[in-house]
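Student: This is the structure I want to talk about, given as structure tokens.
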Amino acid sequence: MINKNLLLKNNKLNIYNSYDKNTNDTIQKLFIQFEEKNFFIQPTKIGYPVLWIKKKIILSVASFLKNISKPYSMLYDLHGVDERPRVFKKYIPNSDFSVFYHLLSIERNCDLILKVPLLNNDLTIPTITNLFKNANWYERETYEMFGIFFENHPNLTNILMPKNWKGHPLRKDYPARATELNPYYLTKEKENSEMEALSFKPEKWGMKKSKKNSDFMFLNFGPNHPSSHGAFRIILQLDGEKIVDCVPDIGYHHRGAEKMAERQSWHSYIPYTDRIEYLGGCVNEMPYVLAVEKLANIVVPERVKVIRIMMSELFRINSHLLYISTFIQDVGAMSPVFFAFTDRQKIYNLIEFITGARMHPAWFRIGGVAQDLPKGWDKLLKIIIDWIPNRLKKYVDISLKNSILISRAKGIAQYSQEEALSWGVTGAGLRATGINFDIRKYRPYSGYENFDFEIPIGNKISDSYSRVMLKVEEIYQSISILKQCLNNMPEGNFKANHPLTTPPMKDHVLNHIESMISHFLQVSWGPVLKNNESFQMIEATKGINSYYLISDGGTMSYRTRIRTPSFPHLQQIPSVISGSLISDLVVYLGSIDFVMSDVDR
């Protein structure tokens, strides 16, 4: 068994019993293989072990975890933290910066987070791109945001920021507001430099300009193109119409959402979450609010849980309808888009009736929701439940069973289970390969464990057609969940009776001076959360979305890491589409289901 005394010595807390048998088995094997002295277990509210290790063994440990029985086969996330001004460092090793690796095991249905401490005078760490393909973009982002150098990385350049950007924005000494910066002047020299940085040089990406008898053509697909679903550029290396290779170019939407979180109170950041993936609405509020509630030890009423699920599934259907109709449009049919907007309007009518807003309600609250359901919500919901299935059948019969669409989409942009895991693919893109993994089922949150629904999965090979058909089936399952919300909505409060709920219940504020004081402080400053770290992942509209929060005992987040599904999905494009035609790329992009705000953040 794991040496409990060691855990007590390292952490001053007995956290051994907080993990399941699978996880404890993994920790035991690590201790045996790499010696206990090389590990430090950090107590958190994340729910998974957080193991600090020395950078000299990061490659060995990551390789070991990837190859053990029931492996940690997916690098779910990788990023950094500026630890320098952190006040509460009692339970972490000495470090100026840290890099964390979030590894996910499908077979074990559990995760492990590795953290590597780094000092200012040695901000280098080995790349793990040879172990996990999707580490490429994550390491590039960490490099530009924190200035951490990944040794032997194949192309360590900026990815979200302009190529000649100065400074590392997620460092704590980098200004968070434009008013803290010197005035910006665009000189001719600067303009020329910026334009030069945008030019594509094939040799820097290991591409040849010609082959034996002919030259390759390099084509800019985007950044403004109807099939790129946002400001997204792909540089294509073409031999005729055949794609030899390509380079996805992102960052045109980058807004610094993680930096903004460091200057917003815990509560006032909620509206930003809606706009991370702007089609998901309340779905994107869920992981953030749940992670904050973990930090605050808030347990919400059952009514709140069901209301949150209902709103999430409404937005899921709305997002899927847009995805299905625009996929059909990308293949060549126009009418379904207009039909879809008619159907989506009915859902937005209900969302607006409940929240007062449409696309971005910012309606979930720490400890509950903004207000209770209005009278008549059930009648509008029943209209949607009765309407959508019949309309969805028309999309399938008229368009998705069309022989031309099938010939354009079936067998296009295929990838296997192993490839999906190595690129960090989640959601329908992963389930289309036959892997049955939906967070709502396997790591239920907000009461999903009380709902009866199925998880549609595909065969062992995912292609463009199977991905879109899975989304069709997911809408039917969302309708099933909504029926259960309609028929089994619990009675009770729409907000927890907890001092850190913002704002407190109105009747308490009007009748108790303590609540009035709490209301004033929390609205003006925001709630004060004890120092700790928490994490929550959810099944979002396009895959798994999560928030990793660090509190340093204040009214604002010390570090907010937003892991979105679209970021790794776009990184996979070159490996899937090489050897195909440009027309196949359009179909492939339509089948991914991404928006650029979800990529760039």
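Only the coordinates and a few stated rules stand behind these numbers; no lab work does. These numbers come from a predicted model, not from an experiment. Don't worry about glycine lacking a Cβ; one is built from the backbone with ideal geometry, like all the others, and counts go over all protein chains shown.
Student: What helices does the chain have that are whole DSSP H segments, at least 15 Å long along their own axis by Cα, and with mean Kyte-Doolittle hydropathy of 1.6 or more?
Tutor: 582-592
Student: Under Stokes-Einstein, with the Kirkwood radius over Cα pairs standing in for Rh, what whole-number D in µm²/s applies to the stretch 296-385 at 4 °C and 1.567 mPa s?
Tutor: Diffusion coefficient, whole number: 90 µm²/s.
Student: Of the listed peptides 392-400, 258-266, 136-144, what is their order by residue-averaged count of other C-beta atoms within 10 Å, with the highest listed first?
Tutor: 136-144, 258-266, 392-400
Student: Quick one: putting +1 on the C-beta of Lys and Arg, -1 on the C-beta of Asp and Glu, what dipole do you get for the stretch 391-451 around its Cα centre, in Debye to the nearest 20?
Tutor: Approximately 400 debye in magnitude.
Student: As I understand it, the dipole of the chain uses +1 on the Cβ of Lys and Arg and -1 on the Cβ of Asp and Glu, about the Cα centre. Which of Pro287, Pro71, Asn38 lies farthest toward its positive end?
Tutor: Asn38
Student: Please give the contour-minus-distance gain from Asn224 to Lys393: 0.36 nm per residue of separation, less the Cα-Cα distance, rounded to one decimal in nm.
Tutor: This chain segment gains 57.6 nm when fully extended.
Student: Let me ask something else. Over the stretch 257-600, what lengths in whole Å, largest first, do the semi-axes of the equivalent ellipsoid take, defined as the square roots of 5 times the eigenvalues of the alpha-carbon gyration tensor?
Tutor: Over the Cα atoms of the stretch 257-600, the semi-axes work out to 37, 23, 16 Å.
Student: Additional query: Which of Lys70/Lys460; Lys70/Lys483; Lys21/Lys172; Lys401/Lys460 have a Cα-Cα distance over 29 Å?
Tutor: Correct reply: Lys70/Lys483; Lys21/Lys172.
Student: Which residues does the label zone of Asn450 cover in the stretch 488-524, counting backbone N under 11 Å from a point 7 Å along Cα→Cβ?
Tutor: 488-492
Student: Hey, another quick one. Just tell me which aspartates and glutamates come within less than 14 Å, Cα to Cα, of Lys208; anything on the same chain fewer than 8 places away is out.
Tutor: Asp239, Asp245
Student: A further question follows. Which of the peptides 178-184, 164-170, 283-289 is most tightly packed, and how do the rest follow, going by the mean number of other Cβ atoms within 10 Å of each residue?
Tutor: 283-289, 164-170, 178-184
Student: What relative contact order, as a whole-number percentage, does the chain give when Cα pairs under 8 Å and 6 or more residues apart are counted?
Tutor: 16
Student: Of (i) 17; (ii) 31; (iii) 26, which is the value of percent of Cα pairs over 45 Å apart derived from the coordinates here?
Tutor: Matching entry in (i) 17; (ii) 31; (iii) 26: (i).
Student: Give me Val509, Val306 ranked fewest to most by other Cβ atoms within 10 Å of their Cβ, as a rough exposure proxy.
Tutor: With the sparsest Cβ surroundings first, the list reads Val509, Val306.
Student: Let me check against my output: what whole-number percent is the relative contact order of the stretch 4-151, with C-alpha pairs under 8 Å and at least 6 apart?
Tutor: 21
Student: Quick check on the stretch 4-151: take the gyration tensor over C-alpha atoms, sort the square-rooted eigenvalues as a ≥ b ≥ c, and tell me if it's rounded (a/c under 1.5), prolate or oblate.
Tutor: Oblate shape, in that a/c is at least 1.5 and b/c is the bigger or equal ratio.
Student: Now a separate question. Across the stretch 44-50, in residue order, what do the Karplus-derived ³J(HN,Hα) couplings come to in whole Hz, using 6.51 cos²θ - 1.76 cosθ + 1.60 with θ = phi - 60° and x for Gly and Pro?
Tutor: Using θ = phi - 60°, the values come out as 9, 9, 6, x, 10, x, 10 Hz.
Student: How would you rank 31-41, 417-427, 577-587, highest first, on the average number of other Cβ atoms within 10 Å across their residues?
Tutor: Highest to lowest by the protection proxy: 417-427, 577-587, 31-41.
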